[in-house]
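A short write-up of the structure that comes next.
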Amino acid sequence: MKTNPIFAVLIALFFTIMLFSCGYTLQGGGLLSGSVKSVSVMVFKNKSSQVGAEIIFTNALIEELMRNSSVTVVNADSDEPEELKTDDRESKNKQPFNNSTPDAVIYGTIVSVSFDALSRTSEDVVYKRGLNAVVNVEMKGKKGDILFSLNNFTQSDSYAVTHENLIDESAVKSTLKIVAERFARRVVSQMTDDF
């Protein structure tokens, strides 16, 4: 069966137009709320007792913005509030920033990181724990107007308890990274425009 070349081109053109008419692309994502084209992500404020959680959540959000949105992540050190400044210069230098003035700045606060016993043996020994993180995030425009806000966002996962301190610390850190990545995916998804 022969296909008319003009007909094949028209079909391909039709599907291409349909694919891009709603603003979807095959890679990357849409603009953030308020048509933000560049954004700076400040190091999250950490109110939890989990040391280093602020770096894990900040990096996860930056990576997700770079991977699944069309914004440029920039550095805005001069706009950084005093309470969000960090002495961890090594982690800041590893973040892939461009230096320019952003259209918006994202601030985050880790409200809490808590642990629950999910499974116990018959001797009442915990062998599986749940890790729950509660996070607030806010994106402000150049004039200080709030473009996006999400409060008490909860994300969780679980890990096996081994009763060996170093292994448990490693499991907590790995689980926290998974939780931060899920948080970042959902936040960026909610920040981006659908059409």
Practice problem: Quick one: count up the residues across the stretch 141-155 that are open to solvent by less than 80 Å² (accessible area, probe 1.4 Å) and touching a Ser or Thr at 6+ places or on another chain (Cβ under 9 Å). | Solution: 2
Quiz item: Which residues, taken from the stretch 107-128, are crowded, with 19+ Cβ neighbours inside 10 Å and either farther than 30 Å from Lys45 by Cβ or of a type outside the set (Ser, Thr, Tyr) (or both)?
Solution: Gly108, Ile110, Val113
Quiz item: Which one is nearest to Ile110 (Cα to Cα) among residues in the stretch 61-87 that are modelled with pLDDT of 65 or more and β-branched (Val, Ile, Thr)?
Solution: Ile62
Quiz item: Does Ser112 satisfy the condition of being at pLDDT 90 or above and more than 16 Å from the chain's Cα centre (by Cα)?
Solution: yes
Quiz item: For the stretch 44-54, which residues satisfy the criterion of being within 13 Å of the chain's Cα centre (by Cα) and open to solvent by 10 Å² or more (accessible area, probe 1.4 Å)?
Solution: Glu54
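The values are calculated or read from the model by the stated rules, or taken from the named source; none is laboratory data. What you see is a predicted model; the values in this text were computed from it and never measured. Every residue, glycine among them, receives a Cβ derived from its backbone with ideal geometry; neighbour counts consider all protein chains shown. Areas reflect the complete protein model, heavy atoms only, side chains present, ligands, DNA and RNA absent. Shrake-Rupley method; radii C 1.70, N 1.55, O 1.52, S 1.80 Å.
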